[in-house]
Amino acid sequence: MTDEMKKFIEEIPKAELHLHIEGSFEPELMFDIAARNGVKIKYATVEELKKAYDFNNLQEFLDIYYAGAGALQTKKDFYDLTWAYLEKAHKQNVIHTEIMFDPQTHTDRGIPFAYVIEGIHDALEDAKSKYGMTYNLILSFLRHLSEEAAFKTLEEATPYKSWIKCVGLDSSEVGNPPSKFKNVYTKAREEGFMLTAHAGEEGPAEYVWEALDILGVDRIDHGNHSLDDDKLVERLANEKMTLTVCPLSNLKLKVVEDLHNHPLKTMLDKGLRATVNSDDPAYFGGYVNDNFLAVADALDLTKEDITTLAQNSIEASFIDDDLKKKYLNEIESFVAEN
Ligand code: ADE
Ligand code: ZN
């Protein structure tokens, strides 16, 4: 890749729409926070921990991700975690971010919901003041748990409703289809939340259909397996449905064997509204620009492709039309000058 292309990717203004804040927990910060909380980590050193980040599938990753999140205890821990991500995102010219958090990962360990959301929210507000970075927060239900548990989580979120834009669905996909959460999504929709769900990461195209038809989602997280089904591709294109794609995650979790086989370019060629995101950057080898650089290199993406991806990230975000227009103008000015 030319230096000019690298600079273009790094500097173009962009939004990130698929980021698990618990997945941005870098080993160094994990050791610091664990030490101050007196929590024991299974690995003796940062290097040993990093060696364990070698996954054959989603579940192997999730087991380590949930164990790592166990170090987080106080509101300050959640603040520090979120702030560390926001500083990195700002440096990578992320002008708007939509962050997912998994409350059940913490409340099931006895951590109050308030500590989790208040720490995250305070950091987001500080990034808004300091960097002008805007945000939305997405509350994700863990799909390996019951729909009843998701209902309880939605209820716990009620006092903080004005801080949460959207609800999502993550964790172990295969065997936990979107339809399992039909009723809680109906309730969330009635309460005015936007809706997203992980679908078609390891699960089949059928799960993407379910997310659309049964949950009524506004976005699909991942969606790779949509390409197995031509009718679904046609539907996604016609509806301008967003796919929040995560190339390095797909590589690390063996959703794709090699980035040269990554479906991102095919998605764009088929008219799908794909975006590029980092998912769990501390575990998968990089933040949003690292994902752009790796996939652009592997698939020979052009400046036009990168511009489309940046524009898609703004168009697919849950911000109002005026702000979208402002951000799209920023991208246009950047492209005109570069
Ligand atoms: N939780 C955090 N990252 C995830 C992913 N890539 N898929 C499903 N659940 C997740
Ligand atoms: Zn994800």
Only residues that are under 23 Å from THR97 (Cα atoms) and away from ligand 2 (no atom under 16 Å from the Cβ): list them for segment 33-73, please.
LEU72
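From the list ILE111, ILE117, pick out the single residue that is touching a residue at least 24 places away in the same chain (Cβ under 8 Å) and touching a Ser or Thr at 6+ places or on another chain (Cβ under 9 Å). Before you say what the answer is, go through the steps one by one.
On the way: ILE117 fails: touching a Ser or Thr at 6+ places or on another chain (Cβ under 9 Å).
Exactly one of ILE111, ILE117 is touching a residue at least 24 places away in the same chain (Cβ under 8 Å) and touching a Ser or Thr at 6+ places or on another chain (Cβ under 9 Å), namely ILE111.
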Qualifying residue in segment 2-19 (condition: assigned to a helix (DSSP H, G or I), within 11 Å of ligand 1 (Cβ to nearest atom) and open to solvent by less than 50 Å² (accessible area, probe 1.4 Å))
no
Take TYR283 and decide whether it is at pLDDT 95 or above and more than 23 Å from TYR327 (Cβ to Cβ).
yes
Among helices (runs of 4 or more DSSP H) completely within segment 22-123, the ones holding 2 or more residues that are more than 18 Å from the chain's Cα centre (by Cα) and farther than 24 Å from ILE138 by Cα are 27-37, 46-51
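Looking at segment 244-261, which of the residues that are assigned to a helix (DSSP H, G or I) and among the aliphatic types (A, V, I, L, M) is nearest to PRO281 (Cα to Cα)? Break it down into steps so the answer makes sense when it comes.
Of all residues in segment 244-261, those assigned to a helix (DSSP H, G or I) come to 247-252, 259-261.
After this cut, where a residue has to be among the aliphatic types (A, V, I, L, M) as well, the list is 248, 251, 259.
On the way: LEU248: 8, LEU251: 12, LEU259: 16 Å.
Restricting to residues being assigned to a helix (DSSP H, G or I) and among the aliphatic types (A, V, I, L, M), the top hit is LEU248.
Looking for whichever is modelled with pLDDT of 95 or more, touching a strand residue (DSSP E or B) at 6+ places or on another chain (Cβ under 9 Å) and more than 16 Å from ligand 1 (Cβ to nearest atom) here; the options are LYS231, LYS240. Which one fits? Show your work before the answer.
Numbers: LYS231 fails: touching a strand residue (DSSP E or B) at 6+ places or on another chain (Cβ under 9 Å).
On inspection, the qualifying residue turns out to be LYS240.
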Search result, residues across segment 153-186 that are in a helix (DSSP H, G or I), out of contact with any Phe, Trp or Tyr (no Cβ under 7 Å at 6 or more places or on another chain) and closer than 28 Å to ALA205 by Cα
LEU154, SER179, LYS180, LYS182, ASN183, TYR185, THR186
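Within segment 31-54, how many residues are touching a residue at least 40 places away in the same chain (Cβ under 8 Å) and closer than 15 Å to GLY285 by Cβ?
Taking segment 31-54 and keeping what is touching a residue at least 40 places away in the same chain (Cβ under 8 Å), we get 33, 37, 53.
So of that shortlist, the ones also closer than 15 Å to GLY285 by Cβ come out as 53.
So the count comes out to 1.
Matching residues to (1) surrounded by 21 or more Cβ atoms within 10 Å (Cβ to Cβ); (2) closer than 17 Å to LEU268 by Cβ; (3) small (Gly, Ala, Ser):
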residue: HIS198; (1), (2), (3): yes, no, no
residue: ALA205; (1), (2), (3): no, no, yes
residue: TRP209; (1), (2), (3): no, no, no
residue: GLY216; (1), (2), (3): no, no, yes
residue: ASP221; (1), (2), (3): yes, no, no
residue: ASP229; (1), (2), (3): no, no, no
residue: GLU234; (1), (2), (3): no, yes, no
residue: MET241; (1), (2), (3): yes, yes, no
Name the residues in segment 265-289 that are away from ligand 1 (no atom under 16 Å from the Cβ) and part of a helix (DSSP H, G or I), would you?
LYS265, THR266, MET267, LEU268, ASP269, ASN289
With the requirement that a residue be of a type in the set (S, T, N, Q) and buried (at least 22 other Cβ atoms within 10 Å of the Cβ), what does segment 243-290 give you?
THR244, SER249, ASN250, THR275, ASN277, SER278, ASN289
Subset of segment 124-151 [in a helix (DSSP H, G or I), over 12 Å from SER171 (Cβ atoms) and open to solvent by 20 Å² or more (accessible area, probe 1.4 Å)]
GLU125, ASP126, LYS128, SER129, LYS130, TYR131, GLU147, GLU148, PHE151
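Collect the residues in segment 299-322 that are under 28 Å from VAL217 (Cα atoms) and open to solvent by 40 Å² or more (accessible area, probe 1.4 Å), keeping them in residue-number order.
THR308, GLN311, GLU315, ASP320, ASP321, ASP322
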Every listed condition ((1) open to solvent by 10 Å² or more (accessible area, probe 1.4 Å); (2) in contact with a Ser or Thr (Cβ under 7 Å, 6 or more places away or on another chain)) holds for LYS75 save (2)
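The values are calculated or read from the model by the stated rules, or taken from the named source; none is laboratory data. Predicted model, so just to flag it, every value in this text is computed and none were measured. Ideal geometry is used to build each Cβ from the backbone, glycine not excepted, and the neighbour counts take in all protein chains shown. Calculation scope for accessible area: heavy atoms of the full protein, side chains included, ligands and nucleic acids excluded. Shrake-Rupley method; radii C 1.70, N 1.55, O 1.52, S 1.80 Å.
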